[in-house]
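See structure below.
The values are calculated or read from the model by the stated rules, or taken from the named source; none is laboratory data. Nothing here was measured: the structure is a model prediction, and the numbers come from that model. All Cβ positions, glycine included, derive from the backbone under ideal geometry; neighbour counts span all protein chains shown.
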There are 2 protein chains.
Amino acid sequence: MKASILTIGDELLIGQVINTNAAWIAAQLTQIGVEVVRHVTCADDDVDIMRCLNEESQGVQLLILTGGLGPTSDDLTADAVALPSACTVLVNRNGTAPGMLFDDKNLLLVSLPGVPSEMKDIMTTSVLPIIRQRVESEGTLIRYYRTIHTVGIAEAYLADMLSPLEEVLGGTATLAFLPNVAGVRLRIGVPSLAEDRANEALDTIEGKIRERLPDHAVFGTGDTTLAEEVVRLLQVRGSTIAVAESCTAGLLGAAITDVPGASQVFPGGVISYANSIKHQFLDVDESILQTAGAVSSECAVAMAEGVRRAFATTYGVAITGVAGPDGGSPEKPVGTVWIAVATHGTTRSAQYRFGTDRSANRQRSVMMALAMIWQELRGQHA
Amino acid sequence: MKASILTIGDELLIGQVINTNAAWIAAQLTQIGVEVVRHVTCADDDVDIMRCLNEESQGVQLLILTGGLGPTSDDLTADAVALPSACTVLVNRNGTAPGMLFDDKNLLLVSLPGVPSEMKDIMTTSVLPIIRQRVESEGTLIRYYRTIHTVGIAEAYLADMLSPLEEVLGGTATLAFLPNVAGVRLRIGVPSLAEDRANEALDTIEGKIRERLPDHAVFGTGDTTLAEEVVRLLQVRGSTIAVAESCTAGLLGAAITDVPGASQVFPGGVISYANSIKHQFLDVDESILQTAGAVSSECAVAMAEGVRRAFATTYGVAITGVAGPDGGSPEKPVGTVWIAVATHGTTRSAQYRFGTDRSANRQRSVMMALAMIWQELRGQHA
């Protein structure tokens with residue numbers, strides 16, 4: 001089954017709102033074996049919507065549209081595609097405008113409200129079950145995907161390690177390298193008739209990939225995040241962690257507690273943005289701040305050990321760096337970040353040199369801190 | 001000048017990556033008077049790219065594409081649109097694949113790499129100046145936009161206050177209500193021949209809107225954020241602030257320090273996720289934790305006053321709540337959050353009842369805390 005996603009709204013067209021709806025719908029459809037072939041965004045305008053509906057309904061069996069003119073747009077939608085079928089109203093439990101489903105032999109057309117929470121609820125409860133049933137009854141080849149999350153290895157090195165790719169993938173599978181701030185994701189795709197057969201093929205390829213990569217390079221597959229893996233491992237070990245954050249100023253604590261259940265392993269931390277706070281709350285020696293400076297291995301180590309001691313946790317982790325745009329120097333340019341992880345008896349620290357973008361530097365610092373914690377946690381059992 | 005944006009990539013189609021490139025490009029084009037009429041995303045596939053290029057180049061004078069097949073895609077691009085013109089290579093300072101610009105009388109076609117930092121640099125340094133010049137030489141009506149940021153008033157009340165809209169907008173202007181987690185943004189649009197004339201019209205409408213709204217409802221216009229306004233006001237007053245965060249666990253500190261120069265006003269804070277930390281670091285009485293509980297006005301007030309005292313700042317702000325999915329009770333359901341702002345002599349606290357989504361509850365808590373700080377800062381001069 002091929003699908004097109006049509007999102008309607010001037011706020012999308014002018015870039016004021018990022019189109020998260022299209023990505024969410026696409027991910028849901030892909031997961032149940034629908035092949036999404038196009039995303040289109042058009043203006044909230046009768047003529048334009050009708051033109052897009054006509055164009056995008058060609059060559060697909062499923063067309064999902066969100067947003068638009070509200071109550072009147074559904075009549076418009078029906079007119080535009082000239083479907084003879086009756087319209088099924090899809091209950092909206094979170095808002096007023098309902099969804100609409102037009103079911104023709106050649107095209108399933110679904111019209112949904114643009115508010116993400118309303119759209120998602122209608123999709124999950126009403127639309128996806130219908131589509132899943134239809135896909136499974138089709139009996140055609142569907143491409144199934146699995147994503148393997150790696151950390152700490154650059155794309156070029158990963159590509160070398162997995163070369164020659166044919167040996168890893170066999171005949172019909174594909175592999176995409178998707179780098180982001182957390183590391184490189186490897187997305188495997190296999191064409192298959194059924195989900196269980198696809199999973200067998202994906203298992204085999206995942207095994208070959210893991211064989212070729214070093215230990216601790218893969219932290220998970222699918223929807224998992226590095227923060228989830230860190231919290232899960234801490235829970236399994238009965239360990240706890242506290243954070244001491246300078247340039248990230250709370251982002252690491254926020255990332256850890258983004259995981260439900262983090263309270264079992266995370267009592268809290270100190271945001272020590274000013275040097276006086278590093279001394280007062282984390283017991284960093286003033287001599288360290290004066291000689292090595294706040295952005296140094298010595299300071300990161302003292303912060304990590306200080307927060308571990310003060311919060312009485314198994315681990316203490318510290319981040320201190322120059323996020324930018326100001327504060328850089330020839331020896332410590334913008335993007336210089338020290339991260340330390342302290343535990344009983346040992347403290348490791350590492351220096352990173354990121355770029356000039358403040359926000360990216362802060363995000364990368366958090367991801368590398370999580371990676372260091374994760375590797376520390378894995379190392380215990382290696 | 002009308003424009004279409006074509007983003008290429010399987011990772012976009014399957015929803016693994018959210019299409020931030022299209023939104024960023026659209027916002028840049030809109031700002032210089034280009035009317036973006038369509039966003040399209042297609043597969044990283046020769047045939048599909050050629051089909052889209054042909055379709056999307058109809059009826060527009062500017063077509064921007066990002067991502068795709070790498071070095072070979074530029075030949076493909078040139079073939080697909082059959083442009084007789086020469087190609088200008090656009091230097092990529094951040095990567096290897098350059099941008100390409102094909103300039104025909106009827107169509108300006110720009111091909112850019114898909115990596116956001118590379119795409120943005122080429123757009124800013126090479127592409128936007130060329131487009132701006134062309135737009136200004138056209139002499140046609142362009143729609144100019146201005147966004148007014150409000151906080152603390154629901155959309156329905158704002159609509160009432162601005163009714164009848166014709167009196168505010170006059171004949172040709174438009175007004176869109178765009179609610180998000182921070183409040184409701186009001187986007188005014190006016191058609192005009194030139195930027196300075198448009199700004200006059202926008203000034204007039206902005207004035208009428210501000211007249212009709214209560215004091216402290218509008219915190220800024222354009223690209224500004226509530227965090228920026230808070231940091232700016234603190235700088236102007238020579239004041240400082242410290243944070244005590246429970247359920248947000250660092251998100252508020254991260255939001256404040258997202259603003260460059262925040263170090264002048266923000267020494268840090270305490271992430272007091274566990275109750276023991278609230279007592280140990282913020283001096284919250286154990287009797288408060290035992291009787292009123294951690295999610296209470298008493299606890300929020302004690303946290304705000306405690307962090308203000310410990311960090312010796314002008315303001316102390318505290319957030320404590322039940323983010324979910326667990327931890328709710330009949331009296332304090334998931335989504336219950338207390339926020340307090342302490343300063344010399346007075347401490348205000350307020351209870352919020354958000355929804356059931358953990359991530360949204362944490363974000364809303366941060367925005368309402370910033371709104372309370374901002375109103376406190378504004379109140380001093382009211």
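General remarks:
- Hey, A:A371 surrounded by 18 or more Cβ atoms within 10 Å (Cβ to Cβ), within 14 Å of another protein chain (Cβ to nearest Cβ), closer than 26 Å to B:Y273 by Cα and in contact (Cβ under 8 Å) with a residue 60 or more places away in the chain or not: no
- Residue ID - farthest from the other protein chains (Cβ to nearest Cβ), chosen from residues in the stretch A:124-152 that are in contact with a helix residue (DSSP H, G or I) (Cβ under 8 Å, 6 or more places away or on another chain) and either over 24 Å from A:N199 (Cβ atoms) or at pLDDT below 90 (or both): A:G152
Here is a yes/no grid of residues against (1) under 24 Å from A:F354 (Cβ atoms); (2) of a type outside the set (D, E); (3) surrounded by 13 or more Cβ atoms within 10 Å (Cβ to Cβ):
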position: A:I153; (1), (2), (3): yes, yes, yes
position: A:A159; (1), (2), (3): yes, yes, yes
position: A:A173; (1), (2), (3): no, yes, yes
position: A:A176; (1), (2), (3): no, yes, yes
position: A:G183; (1), (2), (3): yes, yes, yes
position: A:G207; (1), (2), (3): no, yes, no
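- Remark: pairs (first residue in the stretch B:353-365, within 11 Å of another protein chain (Cβ to nearest Cβ); second residue crowded, with 22+ Cβ neighbours inside 10 Å and at pLDDT 90 or above; Cβ separation under 6 Å; 6+ apart in sequence or on different chains) = B:T356/B:G324; B:R358/B:A323; B:R358/B:G324; B:R362/B:T248; B:R362/B:L251; B:R362/B:A323.
- Unique residue being more than 8 Å from chain A (Cβ to nearest Cβ) and either closer than 26 Å to B:M303 by Cα or more than 15 Å from the chain's Cα centre (by Cα) (or both) when the list is B:G220, B:G171: B:G171
- Residue within the stretch B:13-23 that is modelled with pLDDT of 90 or more, within 7 Å of chain A (Cβ to nearest Cβ) and out of contact with any strand residue (DSSP E or B) (no Cβ under 9 Å at 6 or more places or on another chain) present: yes
- The set of residues from the stretch B:201-256 being in contact with a Pro (Cβ under 8 Å, 6 or more places away or on another chain) and either hydroxyl-bearing (S, T, Y) or outside the structural domain of B:N275 (by TED's automatic domain parsing) (or both) comprises just one member, B:T240.
- Screening the candidates B:F281, B:F311 for the property of being in contact (Cβ under 8 Å) with a residue 60 or more places away in the chain, under 19 Å from B:A242 (Cα atoms) and within 10 Å of another protein chain (Cβ to nearest Cβ) yields one hit, B:F311.
- Within the stretch B:32-48, the set of residues being surrounded by fewer than 17 Cβ atoms within 10 Å (Cβ to Cβ) and in contact (Cβ under 8 Å) with a residue 24 or more places away in the chain comprises B:D46 only.
- Residue within the stretch B:351-369 that is farther than 21 Å from B:G250 by Cβ, among the small types (G, A, S), under 23 Å from the mean Cα position of the chain (by Cα) and in the same structural domain as B:M303 (by TED's automatic domain parsing) present: yes
- Selected residue (only one of B:L178, B:L169 is modelled with pLDDT of 90 or more, closer than 25 Å to B:E35 by Cβ and not acidic (D, E)): B:L169
- Inter-residue pairs, beta-carbon under 9 Å, first under 20 Å from B:L108 (Cβ atoms) and in the stretch B:133-151, second assigned to a helix (DSSP H, G or I), 6+ apart: B:E136/B:E195; B:I142/B:V135; B:I142/B:E195; B:I142/B:A198; B:R143/B:T30; B:R143/B:A198
- Annotation: A:L226 fulfils all but one of (1) surrounded by fewer than 24 Cβ atoms within 10 Å (Cβ to Cβ); (2) at the interface with another protein chain (Cβ under 8 Å from one of its Cβ atoms); (3) touching a strand residue (DSSP E or B) at 6+ places or on another chain (Cβ under 9 Å); the unmet one is (2).
- Filter result (β-branched (V, I, T) and more than 26 Å from the chain's Cα centre (by Cα)) within the stretch B:271-289: B:I277, B:V284, B:I288
Per-residue answers, yes or no, for (1) in contact with a helix residue (DSSP H, G or I) (Cβ under 6 Å, 6 or more places away or on another chain); (2) surrounded by 24 or more Cβ atoms within 10 Å (Cβ to Cβ); (3) in the same structural domain as A:E305 (by TED's automatic domain parsing); (4) within 20 Å of A:T347 (Cα to Cα):
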| residue | (1), (2), (3), (4) |
| --- | --- |
| A:G269 | yes, yes, yes, yes |
| A:S272 | yes, yes, yes, yes |
| A:I277 | no, no, yes, no |
| A:F281 | no, no, yes, yes |
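- Of all residues in the stretch B:54-64 being surrounded by fewer than 22 Cβ atoms within 10 Å (Cβ to Cβ) and in a helix (DSSP H, G or I), the one that is farthest from the other protein chains (Cβ to nearest Cβ): B:N54
- So B:I18, is it in a loop (DSSP other than H, G, I, E, B) and within 21 Å of B:V115 (Cα to Cα): yes
- A:T72 vs. criteria at pLDDT below 85, touching a Phe, Trp or Tyr at 6+ places or on another chain (Cβ under 9 Å) and away from chain B (no Cβ under 14 Å): no
- Candidate set: the stretch B:284-294, residues that are β-branched (V, I, T) and closer than 23 Å to B:G345 by Cα; chosen: the one farthest from the other protein chains (Cβ to nearest Cβ): B:I288
- Screening A:I32 on (1) at pLDDT below 90; (2) farther than 26 Å from A:E138 by Cα; (3) aliphatic (A, V, I, L, M) shows it passes everything except condition (2).
- Which listed residue is in contact with a Leu (Cβ under 7 Å, 6 or more places away or on another chain), within 30 Å of B:A173 (Cα to Cα) and not polar (S, T, N, Q), from B:I142, B:I148: B:I148
- Cross-chain or 6+ apart pairs with Cβ under 7 Å, the stretch A:172-190 first and aromatic (F, W, Y), then assigned to a strand (DSSP E or B) and surrounded by 16 or more Cβ atoms within 10 Å (Cβ to Cβ): A:F177/A:V184; A:F177/A:L186
- Against the criterion of being surrounded by 20 or more Cβ atoms within 10 Å (Cβ to Cβ), touching a helix residue (DSSP H, G or I) at 6+ places or on another chain (Cβ under 9 Å) and among the charged types (D, E, K, R), B:R51 does not qualify.
- For the stretch A:242-267, a residue qualifies if it is more than 8 Å from chain B (Cβ to nearest Cβ), closer than 17 Å to B:N275 by Cα and either surrounded by fewer than 21 Cβ atoms within 10 Å (Cβ to Cβ) or out of contact with any Leu (no Cβ under 6 Å at 6 or more places or on another chain) (or both), and the qualifying residues are A:A242, A:Q264.
- Leading residue by the ranking (surrounded by the fewest Cβ atoms within 10 Å (Cβ to Cβ)) among those in the stretch A:317-362 that are of a type in the set (D, E, K, R) and part of a strand (DSSP E or B): A:R353
- Of note, A:G220 satisfies the criterion of being modelled with pLDDT of 90 or more, of a type outside the set (D, E, K, R), touching a His at 6+ places or on another chain (Cβ under 8 Å) and crowded, with 16+ Cβ neighbours inside 10 Å.
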